Each structure stands twice: as C-alpha cells, then as structure tokens.
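One structure is given below, encoded as structure tokens.
The values are calculated or read from the model by the stated rules, or taken from the named source; none is laboratory data. Here the structure is a predicted model, which is why all the values come from computation and not from measurement. When we count neighbours, we look across all protein chains shown, and the Cβ atoms used for this are built from the backbone with ideal geometry, even at glycine.
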C-alpha cells in the first residue's frame, strides 16, 4: 500500500467516526459500537482482497492507554467540586466500589465453577469483565443533564480506578498471604502522594509556561508520570483524575491552600486563559485516539470465531449476572432511579487493557478476546436501549 493510500484510509476513518458521533446523538446507538462493527467489516474486506495486515497487540495497547488517559482527563475537566456535590461523589464512589467487588466475586465464582481454575486466576479474568468503561460511558451520556450525567461520569471513572486497583491487588504474588493487604495499602498511600506532587507540578507548568506550543508537552509529562507509576504497579489513573479535577477547580483548591499555608505562587487566574484550550485539545485528542483504538480492536476480531451459540450464551450469562447485581444495588441499596442508570455500565477500552495485562500463567483459554467482544457488544446494546427509553420518557414528560 502506498503512503497516500494509508493517508486516505486514516482520513476516512476520522471522518467516519465524526459521522458516527452525529448518528449516535440522533439514534442513541453508541458510536463505539459502530466503530467496532466497522473494524470487523474492514477485516472481512481485507481478507476478501487478500490483504494480510496484522495489528500487533502492543500497538492496540498503546492506543488504549493513551485513549484512557485522555478520556478520563476529559471527564475530570468537566467536573466541578462543591459542597452540594459531596453526596453525589460519595454515592457514585460506593456504587462503583460495591458493585465492582460483588460483580468480580460473582463472575470469578462462575469461572471457578465452569473451568475449575484457581480463585486468583478466575478473579484476574473476572475483573476486566466487570469494570465500567469510562471511554464509552462518558461520551454516551453527553445528552443527559444534571446529576444523572454527573453520577455516570463519576461512577465510571471511579470504576476504572478501583478496577485497576483491584486487578493489581489480585495480581500480587502474595495474594493468598497475610501481607497482601499491607502491600496494597502501601501502594494506595504512595499513589496518593504521587498524585498530589504530580498535580502541583503539572498545574505549575500549565500556569507558568508561556510558549505557544505547550499542551502536548503537558500531555507528555502526564503520560510519563502515568507510565512510571504503572511500572511500580500503582493505580496511576488516579493521577489523571486528580490533575483534571485540580485544574478545573483551581480557584477552590488554591484558595484553600492560600488560607492554610500562605501560598503565594501561581493563582487560578494564571490557569484560566489556558483551561478552555486544554479542554478543547483534550476532547479532540480523546476523539482521535478512541477512533483508532476501537477500529483496530474490531479489526483484530475474526468474524468466524464469533459465530458460536456457546460463545453468545456465555456472554449473555455474564451480562445477565452483572445486570442483576446492578439492579439489586440500585433498587434496594441505593434506592435510586433505574433509568437509564441500570443500563449504563458498558465495557470497553479498560476491559481490553486489563485483559492484555493478565500474566501468561493466569490466562484462561476459554476467556478470550471473543468473549470480551461479545460482552462489550451486549453491554453497548443495553446502554443504547436504556438511553432510548430514557429519552422517550423525558420527551413524553415535556409534552405532557
């Protein structure tokens, strides 16, 4: 293939993704689902044309990591902290934490019963299947307003962070030993310290740099800190969330710091001129990376491998268990609305990344990319149905 052919293909991919975003607003069909199906279609077309193009797993993982960072940062940059949001943040945190643990235990038990593997192996394979993907959830609830939208943004972001923390905890060599919790606790304390230090550093760079080109320098530092923290097995996504919240709430945080410590460094006014640009560039970057990740992931799936009633039954069973647990929590514990919250728990980018992070000795042959795709597909369809029904209810209420 010539260089111009590749450029034409990349350009068409971005244009198509933009069209999918427009179609998603009108039809409530998640644009991510359309990208996945397009990727599968491209794979079939390439095989028909005799084009042997293999996508290395490393390339897919790099796109996924950068996309996850940008999407969480985009969501965090839209969140404002205030006293009236404390209850919402607390409820979304507990929703993410309790459902994550309950669902991981249920799916882990299901895999243990089904395959007879060790509990540690089954839990490691279960965690990717239960974590809510903020990469899909956050863009999909743009049409919602008020606390419903904010609850989904907070819950999906917390689910990503807590899911990575749970995955790292289960992945410890001393998981079965008494020191596992101690090791995990030290990691949590360390990541909080690193989050505070890195947030101050990155905010200082944003407030002090006067060069015309600086945002991608900032992104590079953020990805560097994220990757270094990940090498230490820390929940580095917390760093991204902390930075986004700190920048978007600089007036509150710096005002508190000035009262407590007499801080006389950069002020919220120093950050204000760049905040709007940062939000725009982050959103554009997240859109671009998300487009190529889901196209490539769809391309990596072979259609014949999906043509299995057993595979579909396994996916339906997993999604059924996840939805039942979510229903019980929202209905009887949180005692909140079921629409559309019950159905907005999509799996996606974080699911694939965590699955690729499972050590070779803990991989289960029966849990493959194909099951991941079926679960992603089914949860996306559920989310679409929930958004459609919720939109119809809102429209009927307005007309009435």
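Remarks
- Restricting 235, 203 to residues that are at pLDDT below 75, assigned to a loop (DSSP other than H, G, I, E, B) and under 21 Å from residue 79 (Cα atoms) narrows the list to 235.
- Residue 64 under 20 Å from residue 30 (Cα atoms), in a helix (DSSP H, G or I) and at pLDDT below 80: no
- Selected residue (only one of 343, 294, 355 is touching a helix residue (DSSP H, G or I) at 6+ places or on another chain (Cβ under 7 Å) and closer than 27 Å to residue 9 by Cα): 294
- Some residue of the stretch 182-189 being assigned to a helix (DSSP H, G or I), at pLDDT 75 or above and farther than 30 Å from residue 29 by Cβ: yes
- Residue within the stretch 139-148 that is surrounded by 15 or more Cβ atoms within 10 Å (Cβ to Cβ), out of contact with any helix residue (DSSP H, G or I) (no Cβ under 8 Å at 6 or more places or on another chain) and not in a loop (DSSP other than H, G, I, E, B) present: yes
- Verdict on residue 24 being under 20 Å from the mean Cα position of the chain (by Cα), part of a helix (DSSP H, G or I) and at pLDDT 90 or above: no
- Residues located in the stretch 289-314, provided they are modelled with pLDDT of 85 or more and part of a loop (DSSP other than H, G, I, E, B): 300
- Tally of residues being surrounded by fewer than 17 Cβ atoms within 10 Å (Cβ to Cβ) and outside any helix (DSSP H, G or I) across the stretch 114-126: 2
- Answer from 77, 111 - the residue that is buried (at least 17 other Cβ atoms within 10 Å of the Cβ) and at pLDDT 90 or above: 111
- The condition of being within 27 Å of residue 289 (Cα to Cα) and modelled with pLDDT under 85 holds for only one of 374, 389, 367, 352, that being 367.
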